[in-house]
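Here the structure is laid out as structure tokens; the discussion comes afterwards.
The values are calculated or read from the model by the stated rules, or taken from the named source; none is laboratory data. As the structure is a computational prediction, the values presented were derived from the model and not from experiment. Every residue, glycine among them, receives a Cβ derived from its backbone with ideal geometry; neighbour counts consider all protein chains shown. Side chains are part of the model used for accessible areas, which takes the heavy atoms of the whole protein and leaves out ligands, DNA and RNA. Shrake-Rupley method; radii C 1.70, N 1.55, O 1.52, S 1.80 Å.
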Amino acid sequence: QVQLVESGGGLVQPGGSLRLSCAASGSIFSINDMGWHRQAPGKQRELVAAITPGGSTDYADSVKGRFTISRDNANNTLYLRMNVLKTEDTGVYYCNARIFNAYGGEWSDYWGQGTQVTVSS
């Protein structure tokens, strides 16, 4: 069993900052790419940022220069630092990881349950 658990969401004013965390646990042998996605009300889920095991990153145009994705490979944890938040950043943020399950013996995509981020004055 593999679990991803996000934390760090909340209510923040425009221009504020938040840091999201995602802890992976369970029968993990190895973790490949990881990412953060978000889903705003009435919209499709979109990729916000992604990171490879070596630290190469990719960002949606809408968050470049404001968000920073990072990971702690030793502790199987993913982070998203969000600065200069805008109302349009509001949504449920999900972490995603491609994980080799030690017991299943295969690569699979896993998702967290999501954490709400609300940017409002």
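Within segment 39-59, the set of residues being under 19 Å from Ala23 (Cα atoms) and open to solvent by 50 Å² or more (accessible area, probe 1.4 Å) comprises Leu47, Pro53, Gly54, Thr57. In the condition set (1) of a type outside the set (D, E, K, R); (2) open to solvent by less than 30 Å² (accessible area, probe 1.4 Å); (3) under 17 Å from Gly26 (Cβ atoms), Gly105 is compliant with all but (2). Pull up segment 8-38, narrow it to residues that are part of a strand (DSSP E or B) and open to solvent by 60 Å² or more (accessible area, probe 1.4 Å), then point me to the one that is farthest from Ser120 (Cα to Cα). My answer is Phe29.
Mind checking whether some residue in segment 69-90 is small (Gly, Ala, Ser), surrounded by fewer than 17 Cβ atoms within 10 Å (Cβ to Cβ) and farther than 13 Å from Trp111 by Cα? Spell out the reasoning first.
So the first thing to find is which residues in segment 69-90 are small (Gly, Ala, Ser), and the list is 70, 74.
Still in the list and also surrounded by fewer than 17 Cβ atoms within 10 Å (Cβ to Cβ): 70, 74.
After this cut, where a residue has to be farther than 13 Å from Trp111 by Cα as well, the list is 70, 74.
The answer is yes; a qualifying residue exists.
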